[in-house]
Amino acid sequence: QVQLVESGGGLVQAGGSLRLSCAASGRTFTRYAMGWFRQAPGKEREFVATISWGGGLSNYGDSVKGRFTISRDNARRTVYLQMNSLKPEDTAVYYCAVAVAGMSDFASEYDYWGQGTQVTVSS
């Protein structure tokens, strides 16, 4: 069993930055790929980024490429999402998740989810 707790969300002006954190419990955290997704009101959950268990591989959704960076610190059991050049359309609840089978862009392939953290970008 893995439990995930996101933090770092908040209100920021367009063009600003935020760093989200996702703290994981469970001894097998370091074996699993991790991902970030987001969901805005009235919209489907959207893939943001994923990272391999060792941190050497990553992939991003088209809407965030070049602006967001995913990273992880396995010693701290934490995965991060550095978000730069934020836009109002980045406003959403951001979720981190664990994919036991490996990196994926698809929410259906993730096994454990956090409760989410709200990010609001004002124009």
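Give all pairs with beta carbons closer than 6 Å in which a residue from the stretch 46-75 that is β-branched (Val, Ile, Thr) meets a residue that is at pLDDT 95 or above and part of a loop (DSSP other than H, G, I, E, B); count only pairs at least 6 apart in sequence or on separate chains.
Pairs that qualify, where the first residue is β-branched (Val, Ile, Thr) and the partner is at pLDDT 95 or above and part of a loop (DSSP other than H, G, I, E, B), are Val48/Gly61; Val48/Val64; Thr50/Met103.
When only residues in the stretch 17-47 that are small (Gly, Ala, Ser) and buried (at least 20 other Cβ atoms within 10 Å of the Cβ) count, which is nearest to Gly102 (Cα to Cα)?
At the first step, the residues of the stretch 17-47 found to be small (Gly, Ala, Ser) are 17, 21, 23-26, 33, 35, 40, 42.
Now narrow it down to the ones that are buried (at least 20 other Cβ atoms within 10 Å of the Cβ): 24, 33, 35.
On the way: Ala24: 17, Ala33: 5, Gly35: 10 Å.
The qualifying residue nearest to Gly102 (Cα to Cα) is Ala33.
So that you can scan it fast, the table gives a plain yes or no per residue for (1) farther than 16 Å from Asp111 by Cα; (2) touching a helix residue (DSSP H, G or I) at 6+ places or on another chain (Cβ under 8 Å):
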site	(1), (2)
Gln1	no, no
Ser7	yes, no
Gly10	yes, no
Cys22	no, no
Met34	no, no
Phe47	no, yes
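Out of curiosity, is Thr91 in contact with a Gly (Cβ under 8 Å, 6 or more places away or on another chain) and under 18 Å from Gly116 (Cβ atoms)?
Values: in contact with a Gly (Cβ under 8 Å, 6 or more places away or on another chain): no; under 18 Å from Gly116 (Cβ atoms): yes.
In short, no.
Of all the residues that make up the stretch 55-76, how many are among the β-branched types (Val, Ile, Thr) and either touching a Pro at 6+ places or on another chain (Cβ under 9 Å) or within 12 Å of Phe37 (Cα to Cα) (or both)? Show your work before the answer.
In the first step, residues of the stretch 55-76 are kept if they are among the β-branched types (Val, Ile, Thr); the result is 64, 69-70.
If we keep only those that are either touching a Pro at 6+ places or on another chain (Cβ under 9 Å) or within 12 Å of Phe37 (Cα to Cα) (or both) too, we end up with 64, 70.
Total meeting the criteria: 2.
With the requirement that a residue be modelled with pLDDT under 95 and either polar (S, T, N, Q) or within 15 Å of the chain's Cα centre (by Cα) (or both), what does the stretch 42-72 give you?
Within the stretch 42-72, Trp53, Gly55 qualify.
If Asn59 passes every condition in (1) out of contact with any Asp or Glu (no Cβ under 7 Å at 6 or more places or on another chain); (2) surrounded by fewer than 19 Cβ atoms within 10 Å (Cβ to Cβ) but one, which one does it miss?
Of everything listed in (1) out of contact with any Asp or Glu (no Cβ under 7 Å at 6 or more places or on another chain); (2) surrounded by fewer than 19 Cβ atoms within 10 Å (Cβ to Cβ), Asn59 misses just condition (1).
How many residues does the stretch 1-16 hold that are of a type in the set (Val, Ile, Thr) and either open to solvent by less than 60 Å² (accessible area, probe 1.4 Å) or over 16 Å from the mean Cα position of the chain (by Cα) (or both)?
Filtering the stretch 1-16 for residues of a type in the set (Val, Ile, Thr) gives 2, 5, 12.
When the remaining residues are screened for being either open to solvent by less than 60 Å² (accessible area, probe 1.4 Å) or over 16 Å from the mean Cα position of the chain (by Cα) (or both), the result is 2, 12.
Final tally of qualifying residues: 2.
Just one of the numbered conditions (1) open to solvent by 20 Å² or more (accessible area, probe 1.4 Å); (2) in a strand (DSSP E or B) is not true of Lys65; which one?
(2)
Just the residues that are among the small types (Gly, Ala, Ser) and outside any strand (DSSP E or B), please, taken from the stretch 84-123.
So the first thing to find is which residues in the stretch 84-123 are among the small types (Gly, Ala, Ser), and the list is 85, 92, 97, 99, 101-102, 104, 107-108, 114, 116, 122-123.
Scanning the stretch 84-123 gives Ser85, Ala101, Gly102, Ser104, Ala107, Ser108, Gly114, Gly116, Ser123.
The values are calculated or read from the model by the stated rules, or taken from the named source; none is laboratory data. All values derive from a computational prediction rather than experimental measurement. A quick note on method: Cβ atoms are made from the backbone with ideal geometry, for glycine too, and the neighbour counts reach across all protein chains shown. All accessible areas refer to the heavy atoms of the entire protein, side chains included, with ligands and DNA or RNA removed. Shrake-Rupley method; radii C 1.70, N 1.55, O 1.52, S 1.80 Å.
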